[in-house]
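The values are calculated or read from the model by the stated rules, or taken from the named source; none is laboratory data. All values reported here derive from a predicted model rather than from experimental measurement. Positions of Cβ are backbone-derived with ideal geometry, glycine not excepted, and every protein chain shown enters the neighbour counts.
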Amino acid sequence: MKVAGFTIIKNAVVNDFPIVEAIRSVLPVVDEMIVLIGDSNDDTIALIESIGDPKIKIHHSVWDKNLRKGGVVLAVETDKAFQYIDDSFTWAFYIQGDEVVHEKYHDAIKKGCAQYAEDMEVQGLLFKYKHFFGTYDYVGDSRKWYSHEVRIIRNNKKISAYRDAQGFRIGTSKLPVAALDASIYHYGWVKSPEQMRKKQKESSVFWHDDQAMEKIKQSPDYYDFTGFDSLEKFTGTHPTVMLDRIKQKNWVIDLDISKKKFSFKNKCLYYFEKWTGIRPFDFRNYKIIR
């Protein structure tokens, strides 16, 4: 059994993506790492090359700016990267440029890949998620954040990325998956207010039409992090590969997490989940069978 990793990235430097940390976090559990670099106007290529690991195989692509609705270009590029994985690999571990795996989950990931390698009913492996927000001290705990998603898929080229590559499907069918006791740490919303707005303006061309894009470009040059509905304090440890980046954080955001900003319906669902561990009416982009 062999596992290949794959990811896509574009303008990692200008948008301050933790892509180096993302790649380094999965290298210990993969035998090869496919990195598909989009047509960047910064030093993204040099950044990836600086990792210097022989497992990394770099390929290049041009992102289609005509694919401007809902981030569909991310799915297209993800599918391109997946196609570079040789048929000799059993599993494909997808990691996005702002996602990192804690080293404490490496053994569970390896065990899961081995356990289900010959179980052909299982087409993917499901991860829990922690979504950090504003700084490295807060995580989103409301229903607006997806709690699980598929990040390891069987090397079955009938599988393709879904919508903005949040997850995967076979045609329109949800993937049958096994759940792992492992989490992905999502850092996409951890930036300074200025860098967060800069990233939004940079990436808006792949999400919105001209009218919406112009509105974003005319917005203030800083992001207002106070618009959250619910956060909780993070009390765990971050992945080792993130520690240097965390030390370099040079912004302060003080958020009052004592108040919940919910509608009555969402407040009821929120506290029901807190009390029972059950999230009713949740959208699932997968089908758990193991």
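Going through 122, 150 one at a time, which residue ends up being assigned to a loop (DSSP other than H, G, I, E, B), over 16 Å from residue 188 (Cβ atoms) and among the β-branched types (Val, Ile, Thr)? Outline the logic, then answer.
Working: 150 fails: assigned to a loop (DSSP other than H, G, I, E, B).
Every option except 122 fails the conditions.
Can you tell me which residue within region 238-258, out of those that are of a type in the set (A, V, I, L, M) and not in a loop (DSSP other than H, G, I, E, B), is surrounded by the fewest Cβ atoms within 10 Å (Cβ to Cβ)? Walk me through it before giving the result.
Step one: list which residues in region 238-258 are of a type in the set (A, V, I, L, M), which gives 241-243, 246, 252-253, 255, 257.
Those still in the list that are not in a loop (DSSP other than H, G, I, E, B) too: 241-243, 246.
On the way: 241: 20, 242: 22, 243: 12, 246: 15.
Restricting to residues being of a type in the set (A, V, I, L, M) and not in a loop (DSSP other than H, G, I, E, B), the top hit is 243.
If I filter region 259-273 down to residues being charged (D, E, K, R) and in contact (Cβ under 8 Å) with a residue 24 or more places away in the chain, which single residue comes out as surrounded by the most Cβ atoms within 10 Å (Cβ to Cβ)? Working first, answer last.
Applying the first criterion (charged (D, E, K, R)) to region 259-273 yields 259-261, 265, 267, 273.
Keeping just the survivors that are in contact (Cβ under 8 Å) with a residue 24 or more places away in the chain gives 260-261, 273.
Details: 260: 15, 261: 12, 273: 17.
Step by step, filter region 259-273, then rank; the result is 273.
Let's see how each residue does on (1) at pLDDT 85 or above; (2) over 20 Å from the mean Cα position of the chain (by Cα); (3) under 24 Å from residue 12 (Cβ atoms):
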site	(1), (2), (3)
214	no, yes, no
219	no, yes, yes
228	yes, no, no
236	yes, no, no
243	yes, no, yes
252	yes, yes, no
272	no, yes, no
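In region 20-65, how many are within 11 Å of residue 7 (Cα to Cα) and charged (D, E, K, R)?
The qualifying residues number 1.
Quick one: how many residues across region 89-147 are among the hydroxyl-bearing types (Ser, Thr, Tyr), closer than 17 Å to residue 180 by Cα and crowded, with 21+ Cβ neighbours inside 10 Å?
Of the residues in that region, 3 qualify.
Please return the ranges of strands (runs of 3 or more DSSP E) entirely within region 1-61 where 2 or more residues are in contact with a helix residue (DSSP H, G or I) (Cβ under 8 Å, 6 or more places away or on another chain) and either among the aromatic types (Phe, Trp, Tyr) or buried (at least 22 other Cβ atoms within 10 Å of the Cβ) (or both).
On the way: elements: 3-9, 32-37, 56-60.
Those strands (runs of 3 or more DSSP E) span 3-9, 32-37.
Within region 1-12, can one find any residue that is at pLDDT below 95, out of contact with any Cys (no Cβ under 6 Å at 6 or more places or on another chain) and either over 23 Å from residue 189 (Cβ atoms) or hydrophobic (A, V, I, L, M, F, W, C) (or both)?
Yes: one or more hits.
Quick check on residue 91: is it closer than 25 Å to residue 284 by Cα, in contact (Cβ under 8 Å) with a residue 40 or more places away in the chain and either touching a Leu at 6+ places or on another chain (Cβ under 9 Å) or hydrophobic (A, V, I, L, M, F, W, C) (or both)? Lay out the reasoning, then the answer.
Numbers: closer than 25 Å to residue 284 by Cα: yes; in contact (Cβ under 8 Å) with a residue 40 or more places away in the chain: yes; either touching a Leu at 6+ places or on another chain (Cβ under 9 Å) or hydrophobic (A, V, I, L, M, F, W, C) (or both): yes.
So residue 91 passes the test.
Determine if region 62-84 includes at least one residue that is farther than 16 Å from residue 166 by Cα and without any contact (Cβ under 8 Å) to a residue 12 or more places away in the chain.
Yes - at least one qualifying residue is present in region 62-84.
For (1) in a loop (DSSP other than H, G, I, E, B); (2) in contact with a strand residue (DSSP E or B) (Cβ under 9 Å, 6 or more places away or on another chain); (3) surrounded by fewer than 20 Cβ atoms within 10 Å (Cβ to Cβ), each residue gets a yes or a no:
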position	(1), (2), (3)
184	no, yes, no
191	yes, no, no
202	no, no, yes
205	no, no, yes
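Collect the residues in region 23-39 that are among the aliphatic types (A, V, I, L, M) and within 16 Å of residue 80 (Cα to Cα), keeping them in residue-number order. Working first, answer last.
Narrowing region 23-39 to residues among the aliphatic types (A, V, I, L, M): 23, 26-27, 29-30, 33-37.
The answer is 33, 34, 35, 36, 37.
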